[in-house]
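Single-structure report; data block below.
The values are calculated or read from the model by the stated rules, or taken from the named source; none is laboratory data. Keep in mind that what you see is a predicted model, and the values were worked out from it rather than measured. In this analysis, Cβ positions are derived from the backbone assuming ideal geometry, glycine residues included, and neighbour counts consider all displayed protein chains.
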Amino acid sequence: MNKENHQGKRSPGPWELTDEDVMEALEEIPGYVDITPTDFKKVFHLALRHAVRRLRRFLRASDIMTRDVIAVTATTPVLDVAELMAKEGISGVPVLDAQKKVVGVISEKDLLRLLSAQEASTAMQIIAQSLRFGSFKTAPPAAEKAGDVMTSPAVTVREDTPVQDIRNLFSLKKINRAPVVDEEGQILGIVSRDDIVRTSVFDLNDEEFSERG
């Protein structure tokens, strides 16, 4: 949406051409071009709309994933997992077996459940319950390893999975990351919600491309 300035005039949106932009572009074209600035802008916005839609269709997991994946194994102590996530500033890690196949994922929520004496579905519910009871539950002996607390099976995607499909998957499963695996289930990378957010430049609606009056 365009905002009005103090004089009541609309400020150009991020994808809107100004007349000055058009005139400067036309001046760079040798010879005479029989097109008005209004027609030029209309053609530009239509072409940009098609280009963005095409790019959005072809953007895949392999284009945005992190290839240097921080991971743990099922036998990694939970304390080590928590310290690793804190050190790296990440909110989740995939759990791998000896063949580097993804067997699960550990998120902050999985670790927080160790601190809650009651079942809770969100991190804030866990924190609220723990504060209400006045203390945090310590991890039981049966939950000392990553394999005991991980979410399994992990929700994974392939390298050629469209980014839009990954976005929909995150919303459907209420997750923030998905390991990228090959046909054997071995890890190739990981896609996080932050990676998806960075593609938001392709989330333009038709209003951004409409002809401005």
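Per-structure values
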{"read-out": "Residue list for the stretch 40-62, restricted to those being surrounded by 15 or more Cβ atoms within 10 Å (Cβ to Cβ) and either over 17 Å from the mean Cα position of the chain (by Cα) or not hydrophobic (A, V, I, L, M, F, W, C) (or both)", "value": "PHE40, LYS41, LYS42, PHE44, HIS45, LEU48, ARG49, VAL52, ARG56, ARG60, SER62"}
{"read-out": "Residue within the stretch 47-70 that is among the hydrophobic types (A, V, I, L, M, F, W, C) and more than 27 Å from THR161 (Cα to Cα) present", "value": "no"}
{"read-out": "Neighbours by Cβ (under 6 Å, 6+ apart or cross-chain): first from the stretch 79-97, within 12 Å of ASP110 (Cα to Cα); second hydroxyl-bearing (Ser, Thr, Tyr)", "value": "GLY92/SER107"}
{"read-out": "Filtered residue count, the stretch 150-170, keeping only those that are touching a residue at least 60 places away in the same chain (Cβ under 8 Å) and assigned to a helix (DSSP H, G or I)", "value": "3"}
{"read-out": "Given (1) in contact with a Pro (Cβ under 6 Å, 6 or more places away or on another chain); (2) modelled with pLDDT of 75 or more, number of the condition HIS45 does not satisfy", "value": "(1)"}
{"read-out": "Failed item, numbered, when THR66 is tested on (1) in the same structural domain as VAL181 (by TED's automatic domain parsing); (2) of a type in the set (Ser, Thr, Tyr); (3) over 19 Å from the mean Cα position of the chain (by Cα)", "value": "(3)"}
{"read-out": "Among residues of the stretch 54-69, those that are in a helix (DSSP H, G or I), charged (D, E, K, R), touching a residue at least 24 places away in the same chain (Cβ under 8 Å) and farther than 21 Å from ILE90 by Cβ, counted", "value": "2"}
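A quick yes/no check of all residues on (1) more than 27 Å from SER62 (Cβ to Cβ); (2) of a type in the set (Lys, Arg); (3) at pLDDT below 90:
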| position | (1), (2), (3) |
| --- | --- |
| THR75 | yes, no, no |
| ILE90 | no, no, no |
| GLY104 | no, no, no |
| ILE127 | yes, no, yes |
| THR151 | no, no, no |
| VAL155 | no, no, no |
